[in-house]
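Asks: Before we start, here is the structure in question, set down as structure tokens.
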Amino acid sequence: MACEQEEARGRRNGALGVVPPPIGRWALKLTRRRFIQGSAAAGAAIAGSGFLFGGLDSIVRSPAAKSQLPFVEDFIPTMCWVGKQDCGMMARRIDGRVVKFEGLAGNPRNAGTLCPKGQAQIGAIYDPNRVKTPLIRTNPKGTTGRWREVSWNEALALTAEKVNEVRARSPKMVLWQKGRSKAEKFYDDAFVNAIGSSKLGHGAYCSDAGYRALEYTIGLHGVQHPDMRSTNYLLAWGWNITNAGGNKFCWITWPQQLVAARERGMKVVHIDPRLRSAGPFADTWLPIKPGTDLALALALCQQLIEMGYLDRPYLTTYTNAPHLVGDDGLILRLPGEGDEMVEAVWDPASAGPVRAGSIESPALEGTFEHAGGSCRTAFEVFKAHVVGYTPEWAADITGIAAGDIRTIARDFGDHAMIGSTMVVDGIEIPYRPVSIMSYHMAQQELGFQALRAMTIVTMLVGAVGAVGGVMSDFTWKIHKNYEPFGDLRVDDPPYDFTLKNSKFFPINTGFPGMVAKVMADPGRYGVEEIPEVAILHMVNPMASFPDRKQIMEGYDKFKFVAVISPWLSETADYYADVVLPSATIEKYEGPINASDGYIDATALRIPPMEPLFESRGEIDIYLDLTEAIGTLFGEGGYLDEINKGLTLEGEFALPLYVKPTVREIFDRWARSQGLEGVSYFEEHGVQVKGPIAADKRYGYAVDPPFGGALHRLYGESLLVAQRTMRDKGAEEIYWQDYTALPTWRQLTFDRSPPEYDLTLISYKQIEHKQSRTSFVPLLAELSPGSRVDINPSTAAARAIGHGDPVWVESQNAITGETRRIESVAAITSSIRPDTVGMPHHFGLWTHPVNRGQGASPNEIFYTGEGYMGQTADQSFHVKVRVYPARGEG
Amino acid sequence: MAKYAMAVDLDRCQGCRACMEACKIENNTVQSVFWMYVFRLESGEYPDTKMSFLPRPCQHCDNAPCVKVCPVGARYKRQDGLVLTDFERCIGCRYCELACPYGVNYFNWTKPERRQYLDFDDPGIAAVTGGVLPPYQNPDLAVKHGEEQRLTAGGGHFKGVMEKCTFCVHRVEKGLQPACVATCPVGALVFGDVEDESGEVARMLRDRAHFRLLEEAGTRPSVMYFGGAPPTGDSKEIETVKARV
Amino acid sequence: MSTATQEARLPRGVGRLTRGWTIFILAMVAISALGWIAYIREFTQGMTVTGMRNVGTMGGATWGLYITFVVYFVGVSFAGITIAAVIRLFKLDHLRPLARMAEVLTVVSLILGAIAIVADLGQPLRGMINLFRYARPQSPFFGTFTLVISGYLFASLVYLWLTSRRDAAVLAQRPSRLRWIHKIVAAGYTDTPAERERHSKTTFWLAISILPMLVVAHSTLGFVFGLQVGRPGWYSALQAPAFVVLAGVSGTGVLIVLAAIVRKMMVRDVGLNLQVFAWLGRFLMLLLFVYVYFMVTELLTSTYAGSERELQVTREMLWGEYSWIFWSAVIMLVIPLLGLTIQAIRRSWSIPWLVVSGIAVNLGAIGKRYLIAVPSQTHGQLLPYVDGSYTPTWVEFAVVASLLAFGALVIGVFMKVLPIVELEETGHA
Ligand SMILES: Nc1nc2c(c(=O)[nH]1)N[C@H]1C(S)=C(S)[C@@H](COP(=O)(O)OP(=O)(O)OC[C@H]3O[C@@H](n4cnc5c(=O)[nH]c(N)nc54)[C@H](O)[C@@H]3O)O[C@H]1N2
Ligand SMILES: Nc1nc2c(c(=O)[nH]1)N[C@H]1C(S)=C(S)[C@@H](COP(=O)(O)OP(=O)(O)OC[C@H]3O[C@@H](n4cnc5c(=O)[nH]c(N)nc54)[C@H](O)[C@@H]3O)O[C@H]1N2
Ligand code: SF4
Ligand code: SF4
Ligand code: SF4
Ligand code: SF4
Ligand code: SF4
Ligand SMILES: [Mo]
């Protein structure tokens, strides 16, 4: 076994022995500037071109060949600025002008390669439509902006003034909102702490429900991904394989590991309404009905139990499966040391309940009489809970044949090789080469419970944290949410505007859509204070988030909005009072994790050139802004917070009363890491720290196993929360899914009238990145605009032809509201007939390239009750009808 | 003398089109010109749908129809296998394009500077680039290549001449991989000397079955496809690019 | 007045500028001018101003109206020179009145063909030099364009000159404003029996040598399309012969029209009598018959024996985007065929009918040239590209129109400088 592991890795390297020599060579060349001799030939090329009709030829000679030789060539390592995983890049420069980005061989995440966005970003950097100077609005908000170009001083002064106005009263009413931002330490932590504002992320649109589900269930911060080097059987569950991320990464790393795994023989079962996502990489395609993943997961659990594919030792030792649950659904507790109560398990020997952990092998199954009442093990409860969830039952709901569900369950169970182990780094670890890759599965109405159920599928066979099994984060770090989730807070109003610890969403990370709803009508949610000033950092809610209407109602309430962005985002266009132009790639940023899950590495973004126009890096901007606000220096100031964030102590700590340059900050940090300084990164781009040891990666191997977190099969605290919510008068729609065990119920969107007979889903395209690339012309050329993927039979029934303009009209089953957008039909056999899909990258309007690209589904999705999860997360599903737009609008 | 060839591993290709972008940027080609093109194909009926991807550079045919028909010898075959176009000799008759069964030739329908991606004559940008077009202009393309010393590298040189994939002659002569090969995230593209037994291409030819596109046309392509299968009559192209200007 | 009377004495209306003629010439000049404006656009802005685009991802046709007309013009020239040569070789004296017209027609259409090619080049200036400087005989393009246009344009010019020399000499004996031209053309020829003898010998051999040369030339023209593996529907052995025959058809058609016009213009009978037209009619009928036969077999082979891709092209042509062109072309060719056959059987020939047929078959021929060139580019690509489309722009139409106008212009002028119908051997000496 051990050697197989080695082999696997060997083959993997072979597979990825694609690291292109040139880049390797560059890596050596970095420091040496190359001076290219303008060869005679080159001279001749220029002169020779005119050999015919010298003068006339110049009519047709394009400037493309006019470049002057000789020239100076050099290479600067930096990082992709478009994507989520910051692939390492090498910028090739000619006389200081960047002419190309290529993958940086040394970076474990992309091993010298780049995706189309990584390549095309050079077009974005040289975009003349970037915001060139700070702007101040000259017309009323809520419509396309008119602007006055101002100096940085004026823009910063105004922002500082507005911020301070509110800070004086209540700092939390200053809201710092970010999208998929990068250097958290400088932004989310240092800046936010320094001005004491509230902060809001984008996770409720990304996969926070999944993060919460796994933090709750196994204590890790992440969704699900396979130990790809060793997995043999993978459920690609809503993984957009050939286009987008999956868990944690942006893209490249996963496909690299996927092809290596498939060359090893890994099987892929693709569970997705679209086949396009997996392309040719699905061995089996299960076109599931959108939003019904929970049902499928439950059926798989039922089958695994029925077929006896159970890892009893794991369930007994590392999960709360053996814990005793009373008739009231609460876990039986016994007095422990002092007055603390300890959860009880059943001791077959003494035929009585004992404190969990006090005995080796408590009963995993069984119903017992105790103290007059009867109690069952959590596992017994779970078994009873899923009996009804048969393949036949699931077939009706998911649209997947019962036979297929059985086959998948059996194959999954077989491939799990329950009981086997493998020696990795000298440690013998359970070997369960079956896994799940899921990410955006979180973004559905039942997302939290669906992810819980999907995790339980892997728990039953003991694949969590096993070799070849399911991972969630790169290392086995228990997240700070794990503990508190054991006892959820449900307070009485008034609530803060994020509804944290409210009777509506006891688990809640902060959902911009919900915040917008609250801001529009605070009373309804028992909120008294709403934010007055917003600083938007790398986020474009108007374009990236549903639902636009809702967002606008909320943003109308802000007294002042400052947007930090390289482009005039749609949100800025409508709501910014001040726009601060940030640099794109031309800035220092970091430190950024560069691990591929197997090798530990850290990288920095190094500016390959000076910021274009008057733009600046965010860190520069925050240094100036905090200075203007008056919170740069001293204890608790921005500098102090940076010291804390980067743990810069002693000689490395930034003096609290001198304004440093950004490079100097990174230089201190680099030295604090034992490197000669930032120059290390300016030369190598990335610091590779070596392989992540087995005892960091595999839950079984860490000490204590699984970081000491008991895996929650049974979610008692959810049930408790539900009861409190009801006591406090929350409506059913809020508490219905707070159940101890994942429970299926009819989906809200399925209650829409029958004429809304299709389900709209949205997805990402490999050519585009959220709302930040559809205006990059090189990419817009590859993927020109909005479209509606529709199955041939569905299209035929509606007399819709390929390329026809169509209306997509959605209906809100709760409010009855309808909305419609126009798009273009794309007929494809790789989507369910009852489902239509749209990319979410379009529908922008501020950039000339965006004109005529068509609409975004985010205009017709809904935010709010019924269209969000129990943890305050956006669902990207809605019922629609699609009809030809010919003649009309 | 090396004999260059490209191996395309269809069992790896993700259809991501990074190769297309790398090619465009490296070779400074203008709008709607795709020396490298990646087909995204669909066949079969739901739910038995099959998808496949097919990268299509110039095949650098050993028996190249395009070379045969060129009336002025601007399109020529080199000993090392590269099929190149002499941008200073081409008269723009577009006969090579018609002779080519693979549709890989692109003509400069207008002045290249009229087909740039953005209006780059911006003072802020010119300050950095000195006003060259495109701003990421690659100077290697202005250099004459090969012992024949002809202007053959890169795109966007003249209005009214034919261009196509050059196998990145300017990189290959520097000992670098072609741009598309270098960027491919999953190593689906492999480039090298077929005659070098120890080389990757030769190894693949030994170990795995392969096919070439339109072999029946007798063009003897230098691009070999591993895994997957040739497109059939019922392969339907989806997700076409914005290709008409 | 006196000059007028003098000129009145020049035969065949040479030098007589009628009002109709002047208007016609001005009109032609105007149309040509329009073409120039269009072409200057094309030259400065590039061929992006045409409807042509790349095949493949760009979904266009890279050869369009220009090449269609190149092929058409060269075809016409072929018929011209053949007829002329045949008349002289076999001493078909009753057809002699056609000879000069045929020769002029040849030269003019060749010139038009040449211009059309240059108009189709992305680098016209280079083209004019490189096509010769780097000529590659292996390329069918060479066979067709370089050889045909240069070689055989030169030959037929010489030929025309030799055959016009005598008439020039005759005219040169009379005083007129054009006398100097006639002197130059006559170049010392005085029509002595000895000269006459040597003269007819050279023309005879020239004629003999031209014939094979042009068969080769036109076959290669067919091969330009015929030999392409790259284009489904082009790879057809029949192409070359079919080309030659259709060329004959269009050429004869034009000749009929031209002859009819000249017949009307001439005050005195110049021998362009019904017989001549009857002969032309029969000749056209014959060629049409052969061509229609080719057309049918070609269709059958492509509809039954054809590959998947070739079928696509044929389908497009018969029922798809191009069907309207195809079927009108068929009608334009078949109706005249029927008409002519009937007349042939009835042995009664109507000149108007012939003229109509002449025009019809030419439209038909142009249609067919278009269908050979274009559909195989936009459809039935060998790799799974989506289908393309091609619509010529006003620039292309303007350039083509001006070419036709220019041709008419040249012929019109020629008529007024030298006799468009040869002077009888005997007569004024
Ligand atoms: N090219 C590109 N890559 C990206 C990004 C990008 O914008 N562009 N964004 C990055 C970010 S921020 C993230 S979060 C990741 C996201 O990465 P992924 O989650 O892998 O990708 P998505 O496209 O968001 O959604 C995945 C799939 O879910 C399917 N799906 C939709 N509804 C359902 C359902 O109800 N059930 C099931 N089983 N499947 C369903 C869709 O068809 C889609 O194929 O990608 C990252 N990588
Ligand atoms: N319908 C639908 N909607 C979705 C999704 C979906 O699957 N379906 N996916 C969701 C997911 S997973 C996510 S993560 C969110 C992401 O949502 P966002 O994070 O809002 O989207 P982005 O487009 O990545 O970035 C937003 C803004 O950042 C600006 N920006 C770009 N670079 C920089 C920079 O360097 N500095 C600064 N200051 N600003 C910059 C861009 O101009 C853009 O306006 O979208 C969500 N939206
Ligand atoms: S995968 Fe993401 S991070 Fe990597 S190059 Fe592509 S866009 Fe950039
Ligand atoms: S870059 Fe590689 S994987 Fe992507 S399309 Fe091109 S060949 Fe396929
Ligand atoms: S693919 Fe086409 S262009 Fe390339 S060599 Fe072959 S025939 Fe010539
Ligand atoms: S277009 Fe240029 S390269 Fe192609 S055949 Fe004509 S001259 Fe040769
Ligand atoms: S080899 Fe070079 S020119 Fe050819 S497709 Fe690849 S990148 Fe483009
Ligand atoms: Mo995300």
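The values are calculated or read from the model by the stated rules, or taken from the named source; none is laboratory data. For clarity, every value in this text was computed on a predicted model and none was experimentally measured. Cβ coordinates were reconstructed from backbone atoms using ideal geometry, including for glycine residues, and neighbour counts include every protein chain displayed.
Asks: Away from ligand 2 (no atom under 16 Å from the Cβ), in contact with a Leu (Cβ under 6 Å, 6 or more places away or on another chain) and within 29 Å of A:Ile766 (Cβ to Cβ): which single residue out of B:Ala188, B:Ala153 fits that description?
Replies: After ruling out the rest, the residue left standing is B:Ala153.
Asks: Which condition number does B:Gly160 fail, the rest of (1) within 16 Å of ligand 6 (Cβ to nearest atom); (2) at positive phi; (3) modelled with pLDDT under 95; (4) more than 17 Å from the chain's Cα centre (by Cα) being met?
Replies: Among (1) within 16 Å of ligand 6 (Cβ to nearest atom); (2) at positive phi; (3) modelled with pLDDT under 95; (4) more than 17 Å from the chain's Cα centre (by Cα), the lone unmet condition for B:Gly160 is (3).
Asks: I'm told C:Ile184 meets every condition in (1) surrounded by 15 or more Cβ atoms within 10 Å (Cβ to Cβ); (2) at pLDDT 85 or above; (3) not charged (D, E, K, R) except one. Can you identify the failing condition by its number?
Replies: (1)
Asks: Only residues in the stretch B:44-62 that are more than 14 Å from chain A (Cβ to nearest Cβ) count as the first member; pair them with residues that are basic (Lys, Arg), Cβ under 7 angstrom, at least 6 apart or cross-chain, and list the lot.
Replies: B:Cys58/B:Lys164; B:Cys61/B:Arg220; B:Asp62/B:Arg220
Asks: Now a separate question. Taking A:Ser230 as the residue in question, decide whether it is polar (S, T, N, Q), crowded, with 24+ Cβ neighbours inside 10 Å and over 30 Å from A:Gly715 (Cα atoms).
Replies: Values: polar (S, T, N, Q): yes; crowded, with 24+ Cβ neighbours inside 10 Å: yes; over 30 Å from A:Gly715 (Cα atoms): yes.
Criteria met by A:Ser230.
Asks: Another question, then. Report yes if some residue within the stretch A:778-797 is closer than 25 Å to A:Ala872 by Cα and in contact with a helix residue (DSSP H, G or I) (Cβ under 9 Å, 6 or more places away or on another chain); otherwise report no. So that I can check it myself, show each step before the final result.
Replies: Residues of the stretch A:778-797 closer than 25 Å to A:Ala872 by Cα: none.
There is no residue in the stretch A:778-797 that is closer than 25 Å to A:Ala872 by Cα and in contact with a helix residue (DSSP H, G or I) (Cβ under 9 Å, 6 or more places away or on another chain).
Asks: Here is a further query. Kindly evaluate A:Glu161 against the criterion of being at pLDDT 95 or above, of a type in the set (Asp, Glu) and more than 16 Å from ligand 5 (Cβ to nearest atom).
Replies: On the way: at pLDDT 95 or above: yes; of a type in the set (Asp, Glu): yes; more than 16 Å from ligand 5 (Cβ to nearest atom): yes.
Against the criterion (at pLDDT 95 or above, of a type in the set (Asp, Glu) and more than 16 Å from ligand 5 (Cβ to nearest atom)), A:Glu161 qualifies.
Asks: From the residues in the stretch B:129-150 that are surrounded by fewer than 19 Cβ atoms within 10 Å (Cβ to Cβ) and touching a Lys or Arg at 6+ places or on another chain (Cβ under 8 Å), which one is nearest to the other protein chains (Cβ to nearest Cβ)? I'd like the intermediate steps shown before the answer.
Replies: Our first condition is that a residue be surrounded by fewer than 19 Cβ atoms within 10 Å (Cβ to Cβ); within the stretch B:129-150, this holds for B:130-131, B:146-149.
Still in the list and also touching a Lys or Arg at 6+ places or on another chain (Cβ under 8 Å): B:130, B:146, B:148.
Details: B:Gly130: 7, B:Gly146: 10, B:Glu148: 11 Å.
Top of the filtered list is B:Gly130.
Asks: I would also like to ask the following. Taking the conditions exactly as written (among the aliphatic types (A, V, I, L, M), in contact with a Leu (Cβ under 9 Å, 6 or more places away or on another chain) and in contact (Cβ under 8 Å) with a residue 60 or more places away in the chain), does C:Val270 satisfy them or not?
Replies: no
Asks: Need a quick list: strands (runs of 3 or more DSSP E) entirely within the stretch A:418-485 having at least 3 residues that are under 28 Å from A:Val386 (Cα atoms) and touching a residue at least 40 places away in the same chain (Cβ under 8 Å).
Replies: Values: elements: A:421-424, A:427-430, A:434-438.
Filter on the stretch A:418-485 gives A:434-438.
Asks: Condition first: within 16 Å of ligand 8 (Cβ to nearest atom) and within 21 Å of the chain's Cα centre (by Cα). Can you find one or more residues in the stretch A:557-571 that meet it?
Replies: Of the residues in the stretch A:557-571, the ones within 16 Å of ligand 8 (Cβ to nearest atom) are none.
Looking for residues that are within 16 Å of ligand 8 (Cβ to nearest atom) and within 21 Å of the chain's Cα centre (by Cα), one finds none in the stretch A:557-571, hence no.
Asks: For the structure I just gave you, tell me whether B:Glu26 is in contact (Cβ under 8 Å) with a residue 40 or more places away in the chain, away from chain C (no Cβ under 12 Å), within 16 Å of ligand 1 (Cβ to nearest atom) and crowded, with 23+ Cβ neighbours inside 10 Å.
Replies: Values: in contact (Cβ under 8 Å) with a residue 40 or more places away in the chain: yes; away from chain C (no Cβ under 12 Å): yes; within 16 Å of ligand 1 (Cβ to nearest atom): no; crowded, with 23+ Cβ neighbours inside 10 Å: yes.
It is false that B:Glu26 is in contact (Cβ under 8 Å) with a residue 40 or more places away in the chain, away from chain C (no Cβ under 12 Å), within 16 Å of ligand 1 (Cβ to nearest atom) and crowded, with 23+ Cβ neighbours inside 10 Å.
Asks: What do you reckon, is A:Gly245 away from chain B (no Cβ under 12 Å), in contact with a Lys or Arg (Cβ under 8 Å, 6 or more places away or on another chain) and within 13 Å of ligand 8 (Cβ to nearest atom)? Can you show your working first?
Replies: Working: away from chain B (no Cβ under 12 Å): yes; in contact with a Lys or Arg (Cβ under 8 Å, 6 or more places away or on another chain): yes; within 13 Å of ligand 8 (Cβ to nearest atom): yes.
So A:Gly245 passes the test.
Asks: Grab the strands (runs of 3 or more DSSP E) fully contained in the stretch A:749-849, keeping just those with 2 or more residues being more than 24 Å from the chain's Cα centre (by Cα) and without any contact (Cβ under 8 Å) to a residue 60 or more places away in the chain. Walk me through how you get there before you give the answer.
Replies: On the way: elements: A:758-763, A:788-790, A:805-811, A:818-827, A:835-839.
Fully inside the stretch A:749-849 and qualifying: A:818-827.
Asks: What number of residues in the stretch B:34-70 are within 15 Å of ligand 5 (Cβ to nearest atom) and in a loop (DSSP other than H, G, I, E, B)?
Replies: 12
Asks: Would you confirm whether any residue within the stretch A:625-644 is without any contact (Cβ under 8 Å) to a residue 12 or more places away in the chain, out of contact with any helix residue (DSSP H, G or I) (no Cβ under 9 Å at 6 or more places or on another chain) and surrounded by fewer than 22 Cβ atoms within 10 Å (Cβ to Cβ)?
Replies: Within the stretch A:625-644 (the criterion being without any contact (Cβ under 8 Å) to a residue 12 or more places away in the chain, out of contact with any helix residue (DSSP H, G or I) (no Cβ under 9 Å at 6 or more places or on another chain) and surrounded by fewer than 22 Cβ atoms within 10 Å (Cβ to Cβ)), the answer is no, since none of the residues qualifies.
Asks: Here's something else I'd like to know. Here are the criteria: (1) surrounded by fewer than 21 Cβ atoms within 10 Å (Cβ to Cβ); (2) more than 13 Å from chain C (Cβ to nearest Cβ). Tell me which single one B:Glu113 does not satisfy.
Replies: B:Glu113 satisfies every listed condition except (2).
Asks: Continuing with this model, one more query. Tally time: how many residues in the stretch A:698-709 are surrounded by fewer than 20 Cβ atoms within 10 Å (Cβ to Cβ) and either in contact with a helix residue (DSSP H, G or I) (Cβ under 7 Å, 6 or more places away or on another chain) or at positive phi (or both)? Full working, then the answer.
Replies: We begin by selecting, within the stretch A:698-709, every residue surrounded by fewer than 20 Cβ atoms within 10 Å (Cβ to Cβ); these are A:703-705, A:707-708.
The next check asks that each one be either in contact with a helix residue (DSSP H, G or I) (Cβ under 7 Å, 6 or more places away or on another chain) or at positive phi (or both); those that pass are A:703, A:705, A:707-708.
Final tally of qualifying residues: 4.
Asks: If I go through the stretch B:36-89 residue by residue, how many of them are within 16 Å of ligand 7 (Cβ to nearest atom), over 15 Å from the mean Cα position of the chain (by Cα) and crowded, with 24+ Cβ neighbours inside 10 Å?
Replies: Within the stretch B:36-89, residues that are within 16 Å of ligand 7 (Cβ to nearest atom), over 15 Å from the mean Cα position of the chain (by Cα) and crowded, with 24+ Cβ neighbours inside 10 Å number 1.
Asks: Among the residues of the stretch A:675-687, is there at least one that is closer than 16 Å to A:Leu604 by Cα and polar (S, T, N, Q)? Give the steps one after another, and end with the answer.
Replies: If we filter the stretch A:675-687 for residues that are closer than 16 Å to A:Leu604 by Cα, which is where we start, we get A:675-687.
Imposing the further condition that a residue be polar (S, T, N, Q) reduces the set to A:679, A:687.
Checked against the condition, which is being closer than 16 Å to A:Leu604 by Cα and polar (S, T, N, Q), the stretch A:675-687 yields at least one hit.
Asks: Could you say which residue among A:Gly222, A:Gly210 is within 16 Å of ligand 2 (Cβ to nearest atom), surrounded by fewer than 24 Cβ atoms within 10 Å (Cβ to Cβ) and either within 26 Å of A:Leu315 (Cβ to Cβ) or away from every other protein chain (no Cβ under 14 Å) (or both)? Explain how you work it out, then say what you get.
Replies: On the way: A:Gly210 fails: surrounded by fewer than 24 Cβ atoms within 10 Å (Cβ to Cβ).
Of the residues listed, the single one that is within 16 Å of ligand 2 (Cβ to nearest atom), surrounded by fewer than 24 Cβ atoms within 10 Å (Cβ to Cβ) and either within 26 Å of A:Leu315 (Cβ to Cβ) or away from every other protein chain (no Cβ under 14 Å) (or both) is A:Gly222.
Asks: Then there's this: Can you tell me which residue in the stretch B:161-204 is nearest to ligand 7 (Cβ to nearest atom), limited to those that are without any contact (Cβ under 8 Å) to a residue 60 or more places away in the chain and in a helix (DSSP H, G or I)? Steps first, please.
Replies: Let us first name the residues in the stretch B:161-204 that are without any contact (Cβ under 8 Å) to a residue 60 or more places away in the chain, namely B:170, B:173-177, B:197-199, B:202-203.
Subset that is in a helix (DSSP H, G or I): B:170, B:202-203.
Working: B:His170: 9, B:Ala202: 19, B:Arg203: 20 Å.
Out of the qualifying residues, it is B:His170.
Asks: Give the number of residues within the stretch B:72-84 that are within 12 Å of chain C (Cβ to nearest Cβ) and not in a loop (DSSP other than H, G, I, E, B). Don't jump to the end; show me each part of the working.
Replies: First, the residues of the stretch B:72-84 that are within 12 Å of chain C (Cβ to nearest Cβ): B:72-76.
Cutting the leftovers down to not in a loop (DSSP other than H, G, I, E, B) gives us B:75-76.
Qualifying residue count, the stretch B:72-84: 2.
Asks: Would you be able to say whether some residue in the stretch B:91-110 is surrounded by fewer than 24 Cβ atoms within 10 Å (Cβ to Cβ), within 14 Å of chain C (Cβ to nearest Cβ), of a type in the set (S, T, N, Q) and not in a helix (DSSP H, G or I)?
Replies: yes
Asks: Any idea which of A:Asp596, A:Asp600, A:Asp573 is modelled with pLDDT of 95 or more and within 20 Å of A:Asn850 (Cβ to Cβ)? Steps first, answer last, please.
Replies: Values: A:Asp596 fails: within 20 Å of A:Asn850 (Cβ to Cβ); A:Asp600 fails: within 20 Å of A:Asn850 (Cβ to Cβ).
Within the list A:Asp596, A:Asp600, A:Asp573, the selection yields A:Asp573.
Asks: Still on this model: Could you please find all residues in the stretch A:329-344 being in contact with a helix residue (DSSP H, G or I) (Cβ under 9 Å, 6 or more places away or on another chain) and either free of Cβ contacts under 8 Å to residues at least 60 places away in the same chain or acidic (Asp, Glu) (or both)?
Replies: Our first condition is that a residue be in contact with a helix residue (DSSP H, G or I) (Cβ under 9 Å, 6 or more places away or on another chain); within the stretch A:329-344, this holds for A:329-331, A:343.
Result: A:Glu343, single match.
Asks: Mind listing whichever residues of the stretch C:1-30 are among the polar types (S, T, N, Q), surrounded by 11 or more Cβ atoms within 10 Å (Cβ to Cβ) and at pLDDT below 80? Before the answer, list the steps.
Replies: Applying the first criterion (among the polar types (S, T, N, Q)) to the stretch C:1-30 yields C:2-3, C:5-6, C:18, C:22.
Then drop every residue that is not surrounded by 11 or more Cβ atoms within 10 Å (Cβ to Cβ), which leaves C:3, C:6, C:18, C:22.
Listed by number, the residues that qualify are C:Thr3, C:Gln6.
Asks: On to the next question. With (1) within 11 Å of chain B (Cβ to nearest Cβ); (2) under 17 Å from A:Lys764 (Cβ atoms); (3) not polar (S, T, N, Q) as the list, and A:Ala282 as the residue in question, which single condition is left unmet?
Replies: Tallying (1) within 11 Å of chain B (Cβ to nearest Cβ); (2) under 17 Å from A:Lys764 (Cβ atoms); (3) not polar (S, T, N, Q), A:Ala282 fails exactly one: (2).
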